Each structure stands twice: as C-alpha cells, then as structure tokens.
Amino acid sequence: MITRSGRSGTRPVVVALAVAALTVAGSVSVVTRTTNAQAAVGALAAAVEDEGADCAVSGLPDLASLPTNAKLPDPFKKLNGSTITSKSDWRCRRAEIKELAEKFVYGDKPAKPASVTGTVSNSSITVNVSHNGKSSSFSARVELPSGTGPFPAVVVVGGFGADTATIKATGAAVISYDPLAVGREGTPRTNKQGAFYSIYGSSSGTGLLAAWGWGVSRIIDVIEQSDGRILKADAMGVTGCSRYGKGAFAIGVFDQRIALTMPIESGSAGVPIFRGIPGEGAQSLSSAYGEQPWLGDAFGSFTGSPNRLPLDTHEMVAMVAPRGLFIMDNPHIANLGPRSASVAALGGAEVYKALGAGDNITYWSDVQDGSHCANRPEWRTPLQNNIRKFLLKTGNEPGVIRISSKALGRLADWRDWQTPVLTDGPTTPPTTTPPPTTPPPTTPPPTTPPPTGGGCTATVSVNQWTGGFVATVRVTAGTTPVNGWTVAMTLPSGASVTSVWGANQSGNTGTVRFTNVAYNGAVAPGQSTEFGYQGTGTGAGMTPTCSAV
C-alpha cells in the first residue's frame, strides 16, 4: 500500500479519556474500574490457542443468503438471533465470530498441527512442523533485554515500525518474525508459497494474514515446550506496522495466548471497519484484496459490497477481549482509514466494557508526526504501561481512548444496537444445558430503578481532564413512551460546549438545551438512550433536567 505523508503544524484537539472511560461514537461510557481480581491481568491470556474450540457453532449463513446491512452487526447477538446475557456467554459467542471471520474474511486458520518441535535459545527460535505427511520449517531471531530471564516477549512482525528500544528497555524480549517465510507476498492466489502453504497447499483459500498468525502460534507452541528458562509462554505480545500491522492484528485476534496485541497504522484489511473504508477515501477494499493475498479468497465477494458482510472489524477487536489491546493509528494519512479504525475500536470497546475489562483497551491516534510507521514519542508511555501491565504484570494503568479530531469516528452513526448489561454468570459455561431456542427478553435489567411516573429523566456522567471534559447524558423514559425529549443543562462558569453528538444543541454556555435527533427521539417505557458532548473548562456539578414532548 502506498501512502502519502505530511506533518501537521498544530496538535489536534483530542478526546482524551483516562481512568476507565471509553469514547463511544463521540460519546463516553464511563466503565467501573477493574477490581483487584480483574486486575490480575496474567489470567487474561488464555492457556490455549482457542478457548472456544469446544463450542458447537451452527447456523453459519451462506454467501447467497447474506442481507445488506449498512450498520455494524451486533457483536452480542448470536447466530440464532438471541442476545448473550452473561459474561460466560462471550466464550461461545466469540467462537461464532471466529467462524464467520474465517469463512468470509481471512480463510481458515488451522489448529495446531500433528507435530510441532523446535528450539529456543538466547538468539533464535526454530520451528519444525509436520502434518498429514507434509513438513516445513522456519526460524525467528531473539533479542533479550538486560537482566535475568525468563522474559516476556513481543513478536515484532516484519521488522519495522515497532519501537523495539522501548520494548527491551521496559523488560521484554523482542522476537523478530519474518512472516514472508510463512506466507510469501508477490504470489498469485492460486499458487501461494511459504511454510504454511507447504503444509496446507498452494491453492489454499487462507490468506496471508491468517497464515502469518498460524506461524506465530507455532512459535508460541515451541516456547511452551521449552524449559522456560529464556522466554515466558504466558507473557507474549505482538506488534507490527502497515501490512505487518494487519498481521499483528490478525495474530492477536486468533490466538488467545497473546496477552497484548499492538497493531500500528494497519490500514485497509487491518483494524478499520470495512463498511467505513469506501466513504473515507482509504485504500479501497478491491485494492487491498488485489495488492497481496492478505485476506482470504472468499473476501473477494465483498470488495464492492462490504455491507453484505455478516461481521466487521469491530468484532475482531472484540475477539481480543478481555486481553490487552493497544491500537496505534495515524490521523494524518486518510489512505490508512484512521476514522474507520477509530469506529472499530469504539465498537469493540463496547464488548470490553460489557465484560468488565474496559481498562484493557487503548486506541491512540493523537500524534503530530504524519510520516508512516515512525516511532512516535506520544506512544512511548502507553507502550511501557501496556507491557508492564500485560506482560511483566507489574502495572495496572487503565487504557485510554485518544482520538485525533482529524479522524474522529462516531460509533452512533454505525450502530443500531445497544450494549447489554452482562451478568457475571457461572465461571464455566454449563455443558449440559443446550443453547436457548428462543431469544431472551429484549429489555435488559435496568441499572437504576425506572422512573415511577411519565415523562423522562436524565442523568449525566463526566470524564474530566485538564482544560476540558466529555459528558454522557442518559435519557430514560418513565411509565409511558417518549416520542421526543429536551434536556436542559446549566454549565459551570467558564465552561463551553465545543461539540455534540446524538442531539441538537441550543447555546454553548450557561443553560444549554439539547433535543433529540431523528433516530433517538422515541424511547419505550423504562428504556434509555444517550447523547454526549465535549466542552472546555470544568464539567463538575451539572444537573440535567428532562422534559418529554
């Protein structure tokens, strides 16, 4: 992919949400801080490559039966049409998304082959694979940090774009992985080459990204089988930039042993939602599909019609949950699709939030340097924080969403579903109870007692930082339907509204009135809708009042 770069002379306005706040389509959902038990992030990386391998997935749609849907599919809705209700349900819902992703986007990523052997030394890892009478081998270079092992490790895909100096200085080893040895670029789809295709055939419909992920999974297999004196198999990260950012993203999506996934400026076929790419002016899907066989062969049916896809990349982001995810993006190069990437992050963050893991995702496009795959000082501290939290397990800094105003996506424009309140449920899904054949009730349990009368009420939550804030306002109907609403809010002295989403606005300072837009004016009894706004100054002490039309 060819990109044009440039430098911005001014620092963009940013929605900077610290603690446990997540920007949601230009709004903010404040998430409860993780508990001490949840903070034991070492448990978030799975002990196996695919925890949902035992889930019975049925009802996958056929290509001919796919409807057109311009909105992002609901990540919480199962193939049978019901919505998950507990956190334990996510394991098998994730398995459904995985099957969809393999069938329509990436191609199959096979499970562990019959035989995987190799060696781990202070300078290299060797991998030998045999399966169904075929074999292949490849290797990777190892650079250890100072100190005494065993060390956590970050797989650097492709060898450029990653801040390896900071990775090692923070205490993690670097594994330099050449993905082209596993899936070579520059080959036709009918004659793919590399260690993966030596095993599964040159005409395999699996694209390079899934093949590269298969290679990293085999590296982890070898580390698991080693004596553990050099590298820790339960403290693995992955990163890469540009096409290798696409690969890093796919690697983390499909192997749950990856504790920390860090794609950098991945562009089309990476993090950005497929549905948003045509309208953003990013590299087209047909170009990304044709430039290299990155995506699976089946994706060719969607290059001109992404709205027919039964999933999108926000659900791939969600597949990483609750593990660590740090997405680094470049708002200065539209060809990379940064606005669409921010929407993917915001959509996936809803799953993180529902699982009680809102602190574990970071999206950062607030950078000044416009050049592609440059090491940026703005990312250094969050990189260190994520490595300490998810690999060294010595930190607990919450994730942040920092979206440049140059490429701010709005999740509200792309979704027509709500985030359910998931119960804690059993720690292990029951094995004797079949999945429900009828949808659960459509009304989730309210988090606060519903109003006892008609009309509407409004509550506000504020995320404050130095010099500014973002407010999320929830409008709740009483015992009768609401067909339009107005919320009045008196801002503190010196505060001013700079942008609003999900509402029309009257005034910027003092008493500001917000009215519904077309899609959120009708609210059923006891149900809620949200809007949000960003402001300068302080947002403390605001009390909203709501009146129904």
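The values are calculated or read from the model by the stated rules, or taken from the named source; none is laboratory data. No experiment lies behind these values; they were computed from the predicted model shown. Please note: Cβ atoms are built from the backbone with ideal geometry, for glycine as well, and neighbour counts cover all protein chains shown. Note: areas computed on protein heavy atoms with side chains; ligands, DNA, RNA excluded. Shrake-Rupley method; radii C 1.70, N 1.55, O 1.52, S 1.80 Å.
Taking amide H positions as placed 1.01 Å from N in the peptide plane, with prolines and chain starts having none, which residues 5 or more places from LYS78, or on another chain, fall under 5 Å of its amide H?
So LYS78 has HN proximity to THR83, ILE84.
Taking the full set of protein chains and a 1.4 angstrom probe, give the accessible area of MET262 in square angstrom, rounded to the nearest 10.
For MET262, the solvent-accessible surface is approximately 0 Å².
Hey, how many Å between the Cα centroid of the range 336-381 and the Cα centroid of the range 40-85?
With the range 336-381 and the range 40-85 each reduced to a Cα centre, they are spaced 22 Å.
Once both axes come from the Cα atoms, what is the angle between helix 377-387 and the longest principal axis of the chain, in degrees from 0 to 90, rounded to 10?
Here the helix axis deviates by roughly 70 degrees.
If I measure Cβ to Cβ between cysteines in the chain, which ones have no partner under 4.7 Å?
none
If ligands, DNA and RNA are left out, what is the accessible area of SER58 with a 1.4 Å probe, given in Å² to the nearest 10?
That residue has around 90 Å² of solvent-accessible surface.
Taking the chain as the reference, fit the longest principal axis to its C-alpha atoms, fit the long axis of helix 208-225 to the helix C-alpha atoms, and give the angle between the two in degrees, 0 to 90, nearest 10.
Approximately 70 degrees, to the nearest ten.
Quick one: length gained pulling GLU185 to SER493 fully straight, 0.36 nm per residue minus the C-alpha distance?
Length gained between GLU185 and SER493: 105.0 nm.
Please give the contour-minus-distance gain from SER461 to SER203: 0.36 nm per residue of separation, less the Cα-Cα distance, rounded to one decimal in nm. If you can, show how the numbers build up before the last one.
On the way: separation 258, 0.36 × 258 = 92.88 nm, distance 5.37 nm.
Going from the current span to full extension adds 87.5 nm.
Using heavy-atom solvent-accessible surface (probe 1.4 Å) with all chains present, what is the largest-first order of GLU265, GLU185?
Correct descending sequence by accessible area is GLU185, GLU265.
Measure nothing fancy, just the Cα-based angle from helix 90-101's long axis to the longest principal axis of the chain, in degrees from 0 to 90, nearest 10.
70
With a 1.4 Å probe and every protein chain kept in, tell me what percent of the accessible surface of the range 297-339 is carbon plus sulfur.
Values: 370 of 790 Å².
C and S atoms contribute 46 percent here.
Which value in deg cm²/dmol, rounded to the nearest 500, describes the helix-derived mean residue ellipticity at 222 nm for the chain, given -39,500 (n - 2.57) per DSSP H run of n ≥ 4 and division by the residue count? All intermediate terms of the calculation are to be shown ahead of the outcome.
On the way: 10 runs with 102 residues, N = 549.
The helix contribution divided over the chain gives -5500 deg cm²/dmol.
Tell me, in nm to one decimal, what length is gained between GLN225 and THR423 on full extension, where the rule is 0.36 nm per residue of separation less the Cα-Cα distance?
67.6 nm
In the full protein assembly as shown, how much of MET328 is accessible to a 1.4 Å probe, in Å² to the nearest 10?
10
Give me the 1.4 Å probe accessible area per residue for the range 253-388, excluding ligands and nucleic acids, in Å².
Accessible area per residue, the range 253-388: 19 Å².
If the only charges are +1 at each Lys and Arg Cβ and -1 at each Asp and Glu Cβ, what is the size of the charge dipole of the range 62-167 around the Cα centre, to the nearest 20 debye?
Its charge dipole is roughly 280 debye.
Roll a 1.4 angstrom probe over the protein heavy atoms and tell me the percent of accessible area of the range 113-178 that is carbon or sulfur.
Its accessible area is 46 percent carbon and sulfur atoms.
Find me the longest stretch of the chain that has none of the exposed trypsin sites (Lys or Arg not before Pro), where exposed means in a DSSP loop (not H, G, I, E or B) with at most 15 other Cβ atoms within 10 Å.
Counting at most 15 other Cβ atoms within 10 Å as exposed, the longest clean stretch of the chain is 230-549.
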